[in-house]
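Reviewing the structure listed below.
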Amino acid sequence: MSIRKGDTVVVIAGKDKGKKGKVVSVEDGKVTVDGVNIVIKHKKARNQKQKSAREKMASPIDVSNVQILCKCGKATRVAHKINDKGVKNRVCGKCNEILDKKYVKVKEKAKEEVEAEKTEEKTDKKPLQRREVKHTAESKVKKPTGPVKSVEGHRRLGGGS
């Protein structure tokens, strides 16, 4: 299935045709979309302390009745493409924009890092502050230089002889 939890979708068939919403859950060919296919569930009071109520809740609709909403603003089918790293991504069928949020975030972070490196190269390097100084010297603990002497008659687990 090409629709996942958290995607923004448009209903293309049924009584709620044209409504947009976010996918709340996906299970067995059905999706639950926030604000779409609202049904009323009657709750009966089981004792005198409880109140009867009419709860409005979103009911699942078939996956074939929704299409994913791309950043280009159009409802589209989902295509799949493999990128240069060998990862399969969901892609908009109309504008070839990547729909996977995780991949897009990683791609944006990489661009920001490249831009940050360019700006660092242009600016003059400031001397490191006291707390930013990196310690490159070896540990001050002295290590024994000679051979280690073993203690005879010493038992590991027992007390005396």
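What follows draws every value from the coordinates through simple rules; no lab data is involved. Because the structure is predicted, anything quoted here is derived from the model rather than measured. Cβ placement follows ideal geometry from the backbone for every residue including glycine, while neighbour counts extend to all protein chains displayed.
Here are the numbers:
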{"quantity": "Of all residues in the range 1-36 being surrounded by 12 or more Cβ atoms within 10 Å (Cβ to Cβ) and in contact with a helix residue (DSSP H, G or I) (Cβ under 7 Å, 6 or more places away or on another chain), the one that is farthest from VAL78 (Cα to Cα)", "calculated": "GLY14"}
{"quantity": "Residues satisfying the stated conditions in the range 37-90, i.e. surrounded by fewer than 11 Cβ atoms within 10 Å (Cβ to Cβ), closer than 14 Å to ASP16 by Cβ and in contact with a Ser or Thr (Cβ under 6 Å, 6 or more places away or on another chain)", "calculated": "VAL39"}
